[in-house]
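S.K.: Pasting in a structure now, in structure tokens, and then I'll have a few things to ask.
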Amino acid sequence: MIQDFYTLSSGQKDPKNLVVILHGYGSNNKNLLFMAQYWKTKLEDTLFIIPNAPTSLPHSDGYQWFEIGDLSAPYLQKGAQETGPTLKKFIQG
């Protein structure tokens with residue numbers, strides 16, 4: 001379950017657009033705040049959400065969306081498909 005995230009808005013209380021910014025393996029949401037801060041000046045009425053992946057990595061301040069076993073396309077596709085429902089549930093609230 002995704003519990004840690006940042007939100008940033010470029011306008012009104014009820015935004016018309018949503019941008020979800022996802023970090024890569026071993027990173028975290030803090031590393032991507034600059035993107036939302038830049039884009040909010042370019043995209044009106046937009047809510048930006050930057051979640052941390054659900055699994056923290058040991059000995060690091062990074063996270064992972066799924067375990068990286070290898071970098072083959074089928075393995076990464078399987079991981080992305082397994083993570084999809086978690087992201088969908090988070091976005092839909």
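The values are calculated or read from the model by the stated rules, or taken from the named source; none is laboratory data. Since the model is a prediction, treat every value here as computed from it, not as a measurement. Note: ideal-geometry Cβ built from the backbone for every residue, glycine included; neighbour counts use all protein chains shown. Heavy atoms of the whole protein, side chains included, go into the accessibility calculation; ligands, DNA and RNA do not. Shrake-Rupley method; radii C 1.70, N 1.55, O 1.52, S 1.80 Å.
S.K.: Within the set of other residues whose C-beta is less than 13 Å from the C-beta of G11, count the net charge using Lys and Arg as +1 and Asp and Glu as -1.
M.R.: On the way: positive: K13, K16, K40, K42; negative: D14, E44, D45.
Summing Lys/Arg as +1 and Asp/Glu as -1 gives +1.
S.K.: Then there is this: Where the accessible area of the stretch 1-80 is counted over protein heavy atoms with a 1.4 Å probe, how much of it, in %, is carbon and sulfur?
M.R.: Roughly 54 percent, rounded to a whole number.
S.K.: Another question about this same structure. Please sort 61-68, 18-25, 82-89 by packing, taking for each peptide the average over its residues of neighbouring beta carbons within 10 angstrom, highest first. Walk me through the numbers on the way to the answer.
M.R.: Values: 61-68: 16.6, 18-25: 14.8, 82-89: 12.8.
Going by the mean number of other Cβ atoms within 10 Å, highest first, we get 61-68, 18-25, 82-89.
S.K.: Now for a separate question. Pairs of Cα atoms under 8 Å, at least six residues apart: use those to get the relative contact order of the chain, whole percent. The partial results should precede the final answer.
M.R.: Numbers: 143 pairs, mean separation 30.3, N = 93.
In percent, rounded to a whole number, it is 33.
S.K.: I'd like to check one number: the per residue accessible area of the stretch 22-75, probe 1.4 Å, reported in Å² as a whole number. Walk me through the intermediate numbers first.
M.R.: Working: 3340 Å² over 54 residues.
Ligands and nucleic acids excluded, the figure is 62 Å² per residue.
S.K.: Under a plain spin-label model, where a point goes 7 Å from the Cα along Cα-to-Cβ, how far apart in nm are K42 and L76?
M.R.: 2.3 nm
S.K.: Counting pairs on different chains as well as pairs 8 or more places apart, how many Lys pairs in the stretch 1-89 have Cα atoms under 27 Å apart?
M.R.: Lysine pair count for the stretch 1-89: 20.
S.K.: Tally the DSSP beta bridges in the chain and give the antiparallel ones as a percent, rounded to 5.
M.R.: 65 percent
S.K.: Here is a further query. So, R0 is 30 Å and r is the distance between the beta-carbons of S60 and N17; what FRET efficiency does that work out to, to 0.05? Before the final figure, lay out each step's value.
M.R.: On the way: r = 33 Å, r/R0 = 1.08.
The pair S60/N17 has a calculated efficiency of 0.40.
S.K.: Over all Cα pairs of the chain, how is the pair count split among 5 Å bins, expressed in % and running from 0 up to the last occupied bin?
M.R.: Over the chain, the share of Cα pairs per 5 Å bin runs 3, 13, 22, 21, 19, 13, 7, 3, 0 percent.
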